[in-house]
Amino acid sequence: MHKVIYDTDPGVDDAMALLFLHRHPEIDLIGITTIFGNASIETTTRNALFLKQEWNIAAPVAKGANVTIDPARHERPWPTMVHGENGLGDMPVPDTIDLPVDPRPAHRFIIETVRANPGEVRLVAVGRMTNLALALKEDPEIAGLVKDVVIMGGNFYVPGNVSPVAEANIHGDPEAADIVMTAPWKVVVIGLDVTAITTMSRSYLGEMAARGDKAVKQLDTLSQSYIDFYKHAVEDGMMVHDSCASVYVVAPELFTTITGAVRVVCSGIADGQTVIKQDGRRFPPGDWDGLPSQIVATGIESEKVLELIRETLLRL
Ligand code: BDR
Ligand code: CA
């Protein structure tokens, strides 16, 4: 069993990835930590509690950061055109959910859970990297105690989605992402190179919903406006960014990868850009030297990934 802490900003595609983690028989979802990004921290935490309640998920929810690791960073408006005013495609969600939140802030929940399960925890992070960076700052030793960190974020040989060079999760807190990429733990980066070409059509999702239970029908409902948003890039469908990271946990063979030190640009017009110095390439001394070699996905078997998502979501 893979013990997973899911760090998330639900989030339409976050919701599908959550259901995947909850339903996959080889995954033990031991915690959900929230982060601001697709909406405010109040909203993403409320949404995590809502999905936990609706889908009978046992894992506790711990509330995470509401500001970037460098508090001087200027916050931009929430991406309501992508995820709706309420972060879940404006499907009806109660204002408050009558479930307790874990008393610890997300980064401390991560630290304590990792220390209680040395060498076993897989962190799946599909929002800004702020909670992970805070955990590393408070307790750097956890880097040696985590099994691996699988993130959805970044772009290497394709354009960004919030600027010509940057992807939303990294651009939302570049300093945090740079801390995570350069720490001495194993990071697997599932970025736009693979997620932007892994698209689920409206009809594929609709057919899943017709066969599936309440949870799958809810996913179909909350994804409709997200699919509308993607009409500039996808023909009547959506990119399933965060689910790609969840799939990697159990099916890494569906991805091709390269390795190397990864840095994040933290200012200027390329703010939030992710750059790899691939292992074996030689350059004059520079800012990638002496850093851990991370794993970056550059290829994906999209059809098989979609099939695994469908098969898993339809399990009862
Ligand atoms: C990422 O940004 C968010 O909008 C999505 O949930 C995903 O994690 C894609 O760039
Ligand atoms: Ca997300």
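The values are calculated or read from the model by the stated rules, or taken from the named source; none is laboratory data. The model shown is predicted, which means the values in this text are computed figures rather than measured ones. Don't worry about glycine lacking a Cβ; one is built from the backbone with ideal geometry, like all the others, and counts go over all protein chains shown. To get the accessible areas, we keep the full protein, side chains included, count just its heavy atoms, and leave off ligands, DNA and RNA. Shrake-Rupley method; radii C 1.70, N 1.55, O 1.52, S 1.80 Å.
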Of all the helices (runs of 4 or more DSSP H) wholly in the stretch 121-188, which have at least 2 residues that are under 21 Å from Pro252 (Cα atoms), open to solvent by less than 40 Å² (accessible area, probe 1.4 Å) and of a type in the set (A, V, I, L, M)? 174-182
Checking Ile269 against (1) touching a Lys or Arg at 6+ places or on another chain (Cβ under 8 Å); (2) hydrophobic (A, V, I, L, M, F, W, C); (3) open to solvent by 80 Å² or more (accessible area, probe 1.4 Å), which test does it fail? (1)
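Yes/no per residue for (1) surrounded by 15 or more Cβ atoms within 10 Å (Cβ to Cβ); (2) of a type in the set (Phe, Trp, Tyr):
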site: Tyr6; (1), (2): yes, yes
site: Ala39; (1), (2): yes, no
site: His83; (1), (2): yes, no
site: Leu88; (1), (2): yes, no
site: Pro118; (1), (2): no, no
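Which residue, of Val158, Val82, Val93, is within 16 Å of ligand 1 (Cβ to nearest atom), of a type in the set (A, V, I, L, M) and without any contact (Cβ under 8 Å) to a residue 60 or more places away in the chain? Don't jump to the end; show me each part of the working.
Working: Val82 fails: without any contact (Cβ under 8 Å) to a residue 60 or more places away in the chain; Val93 fails: within 16 Å of ligand 1 (Cβ to nearest atom).
After applying the criteria, what remains is Val158.
Rundown of residues vs (1) in contact with a helix residue (DSSP H, G or I) (Cβ under 7 Å, 6 or more places away or on another chain); (2) within 23 Å of Ile190 (Cβ to Cβ), yes/no style:
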position: Phe50; (1), (2): no, no
position: Ala58; (1), (2): no, no
position: Asn86; (1), (2): yes, no
position: Ile97; (1), (2): yes, no
position: Val124; (1), (2): yes, yes
Kindly indicate whether any position in the stretch 30-50 is more than 14 Å from the chain's Cα centre (by Cα), among the aliphatic types (A, V, I, L, M), outside any helix (DSSP H, G or I) and more than 14 Å from ligand 2 (Cβ to nearest atom). yes
Report yes if Thr34 is closer than 27 Å to Asp271 by Cβ, open to solvent by 40 Å² or more (accessible area, probe 1.4 Å) and among the polar types (S, T, N, Q), otherwise no. no
Contact list, first residue from the stretch 137-150 and among the acidic types (Asp, Glu), second anywhere and open to solvent by less than 90 Å² (accessible area, probe 1.4 Å), beta-carbon distance below 7 Å, six or more apart or interchain, is Glu138/His107; Glu138/Ile111; Asp139/Ile111; Asp148/Arg122; Asp148/Val188
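Would you confirm, using the coordinates I've provided, whether Thr8 is out of contact with any His (no Cβ under 7 Å at 6 or more places or on another chain), within 16 Å of ligand 1 (Cβ to nearest atom), within 16 Å of Val121 (Cβ to Cβ) and hydroxyl-bearing (Ser, Thr, Tyr)? Steps first, answer last, please.
Details: out of contact with any His (no Cβ under 7 Å at 6 or more places or on another chain): yes; within 16 Å of ligand 1 (Cβ to nearest atom): yes; within 16 Å of Val121 (Cβ to Cβ): yes; hydroxyl-bearing (Ser, Thr, Tyr): yes.
In short, yes.
Given the condition hydrophobic (A, V, I, L, M, F, W, C) and surrounded by fewer than 20 Cβ atoms within 10 Å (Cβ to Cβ), answer yes or no: does some residue in the stretch 232-245 qualify? Spell out how you get there, then give the answer.
The first filter runs over the stretch 232-245 and keeps only residues hydrophobic (A, V, I, L, M, F, W, C), leaving 233-234, 238-240, 244-245.
Among the residues that remain, those that are also surrounded by fewer than 20 Cβ atoms within 10 Å (Cβ to Cβ) are: 233-234.
Looking through the stretch 232-245, at least one residue is hydrophobic (A, V, I, L, M, F, W, C) and surrounded by fewer than 20 Cβ atoms within 10 Å (Cβ to Cβ).
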Read through the list (1) of a type outside the set (Lys, Arg); (2) away from ligand 1 (no atom under 16 Å from the Cβ); (3) in a loop (DSSP other than H, G, I, E, B); (4) under 30 Å from Glu112 (Cα atoms), then give the number of the only condition that Glu235 fails. (4)
Name, by its number, the condition in (1) of a type in the set (Val, Ile, Thr); (2) without any contact (Cβ under 8 Å) to a residue 60 or more places away in the chain; (3) part of a helix (DSSP H, G or I) that does not hold for Thr312. (2)
